[in-house]
Amino acid sequence: MLKSLMLIVCLMCLSFDGVTKTVTVNGSMLVHSKILAIEKSRINALIKKDWRTIESIMSEECIHITTDGSLRTKAQYMNKVKNSTSRFAMFKTKDINVRIYDDVVITTGHYENSKRINGATSAIKYGVFTRVYKKRHEMWLLVSHQATVNSI
């Protein structure tokens with residue numbers, strides 16, 4: 001019975017929105033759910049320019065590598081985004097893959113977004129991402145982010 005229940009839970013996870021896959025190595029579905037909630041919170045915070053939420057998700061030593069190849073510390077990234085006059089008009093992720101390794105989680109997936117710049121909406125940018133989270137003091141914190149634009 002327990003094996004059947006675990007199989008059902010795993011199958012449900014693999015079909016979550018049809019785009020999420022989990023590989024668990026010494027992990028749990030609870031961790032998977034927490035990471036997906038952080039991912040969703042991060043996207044919502046980017047759209048709303050909720051910098052407190054973004055700062056709370058990122059560890060102090062977080063490295064953020066952008067689609068133009070810029071490598072920024074947390075402080076540099078926060079300074080740039082807080083002073084930006086643009087904002088995300090739309091931001092979606094899909095095909096999220098969550099890999100859990102004890103106190104480290106790696107997420108990968110695809111994204112699409114567009115920005116509002118001086119009243120105009122930019123063309124949609126498509127790309128892939130990798131984010132690494134580390135558990136510290138019972139909290140999952142983003143320690144590394146890297147995004148790459150790809151053409152569709």
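Rule-based calculations on the coordinates, nothing more; no lab input. Quantities reported herein were computed from a predicted structural model and do not represent experimental measurements. Because the Cβ atoms are built from the backbone with ideal geometry, glycine has one as well, and the counts that use them run over all protein chains shown.
Quick rundown of the values:
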| read-out | value |
| --- | --- |
| Low-density loop cleavage sites - GluC sites (Glu not before Pro) in region 55-152, where at most 11 other Cβ are within 10 Å (DSSP) | Glu138 |
| Proxy reagent accessibility, fewest Cβ within 10 Å first, across Asp50, Asp68, Asp102 | Asp68, Asp102, Asp50 |
| Extension gain from Ser70 to Asp50, taking 0.36 nm per residue of separation minus the Cα-Cα distance | 5.0 nm |
| Which of Thr66, Asn97, Val132, positive extreme of dipole for region 53-152 (C-beta unit charges) | Thr66 |
| Cross-link partners of Lys82 among lysines (Cα-Cα below 25 Å; sequence separation of 8 or more within a chain) | Lys40, Lys48, Lys49, Lys74, Lys92, Lys115, Lys125, Lys134 |
